[in-house]
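K.L.:
Let me give you the structure first, and then I'll get to my questions.
The values are calculated or read from the model by the stated rules, or taken from the named source; none is laboratory data. Computed from a prediction, not measured in an experiment: that's the story for all the values here. All Cβ positions, glycine included, derive from the backbone under ideal geometry; neighbour counts span all protein chains shown. We work out accessible area using only protein heavy atoms, side chains counted, and drop any ligands, DNA or RNA first. Shrake-Rupley method; radii C 1.70, N 1.55, O 1.52, S 1.80 Å.
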Amino acid sequence: MTALVCPRCRRADDDGVHLATVEPCDTGLRCLGCGSGYPVIDGIPVVARDAEALLAEDTPASDALAAIYARSWSGPLQEWLRKTVPAGALELGGGTGVRSNTVVLDRSLAMLRRGRSAGQEPAGTWICGDVLDPPFLPASFGCVVLANVLDILHDPNLAFRQAVALTAVGGAIVVTCPYAFTQSGPDCRLEPFPEHVLHGGFGAVEAGVLRLESCAELDWPIRTTDRLTQVHRTDALVFRRLSLPGEQ
Ligand SMILES: C[S@@+](CC[C@H](N)C(=O)[O-])C[C@H]1O[C@@H](n2cnc3c(N)ncnc32)[C@H](O)[C@@H]1O
Ligand SMILES: [Zn+2]
């Protein structure tokens, strides 16, 4: 089972990074450090600083959106992801998942429920939480995926840095992006980033932290209704996490 870190008491100071894990208890999950409780709903742990607020975001519209993703499992990008993403990878903003026995983190319980009931083989792990504050141990995954999520976040740079921090040295970061920037609403603070920023790993390639290994353009069809399919042309990139002096 993937170790889950408590987002409420995680902190960094002069002595380093302080992390506590959460463990099962009678009412769901409890942090061994600060004692915070987290719910488990339909078998899905909700591990976020403000778990109540995340759950309150779920509306009938979330389920309608999740249904669209759940029937959009075929297409060039989807097939590339299934081939490229290994079992045990972490999908950040994974929605209904790529269906290859991954750990899927998403803030929408509706998405996770749909993905989980559609069934990966074997079952995969589904966790409700925030990409910008992910409840995992640093460098604990051999592959981290950001599929079609960076361009809907208000801080894509932070999300990318979180993905790098969660990837073990030698591991891969798989990123796909349609550059659609379609989210709107009062909280929308999107600042579109250009292709070269993503291809440079938000500065991590130049800093020697990552190497860009491959880059393709692939169509991503989304079956909005039975009679309407929208196709985004996405960039699909694979980065490798390099070791830094002192790391191994
Ligand atoms: C466009 S969908 C892509 C889903 C999936 N990766 C795919 O390619 O099919 C974006 C997903 O990111 C999730 N998401 C958005 N902001 C998030 C955040 N801050 N933390 C976790 N998930 C987030 C949404 O709930 C949604 O499931
Ligand atoms: Zn805690």
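K.L.:
State whether the residues of region 236-248 include one that is open to solvent by less than 90 Å² (accessible area, probe 1.4 Å) and closer than 25 Å to ALA67 by Cβ.
P.N.:
yes
K.L.:
In addition: So, LEU146, is that one farther than 23 Å from ALA3 by Cα, among the aliphatic types (A, V, I, L, M) and open to solvent by less than 10 Å² (accessible area, probe 1.4 Å) or not? Walk me through it before giving the result.
P.N.:
Numbers: farther than 23 Å from ALA3 by Cα: no; among the aliphatic types (A, V, I, L, M): yes; open to solvent by less than 10 Å² (accessible area, probe 1.4 Å): yes.
No: the conditions fail for LEU146.
K.L.:
Tell me whether region 31-46 contains one or more residues that are within 12 Å of ligand 1 (Cβ to nearest atom), surrounded by 15 or more Cβ atoms within 10 Å (Cβ to Cβ) and not β-branched (Val, Ile, Thr).
P.N.:
no
K.L.:
Moving to a separate point now. I need the full set of residues from region 106-159 which are among the β-branched types (Val, Ile, Thr) and more than 9 Å from ligand 1 (Cβ to nearest atom), in order please.
P.N.:
Once the filter is applied, which keeps residues that are among the β-branched types (Val, Ile, Thr) and more than 9 Å from ligand 1 (Cβ to nearest atom), region 106-159 yields THR125, ILE127, VAL144.
K.L.:
Can you go through PHE141, PHE181 and tell me which one is modelled with pLDDT of 95 or more and among the aromatic types (Phe, Trp, Tyr)?
P.N.:
PHE141
K.L.:
Of all residues being open to solvent by 40 Å² or more (accessible area, probe 1.4 Å) and among the aliphatic types (A, V, I, L, M) in region 93-126, which is nearest to ASP219 (Cα to Cα)? Just the residue, please.
P.N.:
ALA118
K.L.:
Here is a further query. Which of the residues spanning region 1-19 are more than 16 Å from ligand 1 (Cβ to nearest atom), aliphatic (A, V, I, L, M), under 21 Å from the mean Cα position of the chain (by Cα) and closer than 16 Å to PRO138 by Cβ?
P.N.:
Correct list: ALA3, LEU19.
K.L.:
So, one more: Hey, does region 219-226 have a residue that's over 15 Å from GLN78 (Cβ atoms) and under 20 Å from the mean Cα position of the chain (by Cα)?
P.N.:
no
K.L.:
Considering only region 106-115, I want to know if a residue exists there that is out of contact with any helix residue (DSSP H, G or I) (no Cβ under 8 Å at 6 or more places or on another chain) and outside any helix (DSSP H, G or I).
P.N.:
Looking for residues that are out of contact with any helix residue (DSSP H, G or I) (no Cβ under 8 Å at 6 or more places or on another chain) and outside any helix (DSSP H, G or I), one finds none in region 106-115, hence no.
K.L.:
OK, next. Restricting attention to region 149-161, which residues are in contact with a Phe, Trp or Tyr (Cβ under 6 Å, 6 or more places away or on another chain) and open to solvent by 30 Å² or more (accessible area, probe 1.4 Å)?
P.N.:
ASN157, the sole residue that qualifies.
K.L.:
Among LEU90, LEU65, which is the only one that is open to solvent by 70 Å² or more (accessible area, probe 1.4 Å), within 14 Å of ligand 1 (Cβ to nearest atom) and aliphatic (A, V, I, L, M)?
P.N.:
LEU65
K.L.:
Let me ask you something else. What residue, of GLY28, GLY16, is in contact with a Phe, Trp or Tyr (Cβ under 9 Å, 6 or more places away or on another chain) and of a type in the set (Gly, Ala, Ser)?
P.N.:
GLY28
K.L.:
When you check PRO194 against the structure, is it more than 25 Å from ILE68 (Cβ to Cβ) and loosely packed, with under 15 Cβ neighbours inside 10 Å, yes or no?
P.N.:
It is true that PRO194 is more than 25 Å from ILE68 (Cβ to Cβ) and loosely packed, with under 15 Cβ neighbours inside 10 Å.
K.L.:
Right, something else. Exactly one of (1) touching a Phe, Trp or Tyr at 6+ places or on another chain (Cβ under 8 Å); (2) open to solvent by 60 Å² or more (accessible area, probe 1.4 Å); (3) more than 16 Å from ligand 2 (Cβ to nearest atom) is unmet by ALA56. Its number?
P.N.:
(1)
K.L.:
If we keep just the residues of region 20-30 that are open to solvent by 70 Å² or more (accessible area, probe 1.4 Å) and over 25 Å from the mean Cα position of the chain (by Cα), which is nearest to ligand 2 (Cβ to nearest atom)?
P.N.:
Filtering region 20-30 for residues open to solvent by 70 Å² or more (accessible area, probe 1.4 Å) gives 23-24, 26-27, 30.
From the residues that got through so far, the ones that are over 25 Å from the mean Cα position of the chain (by Cα) too are 26-27.
Working: ASP26: 18, THR27: 15 Å.
Only one residue fits best here, namely THR27.
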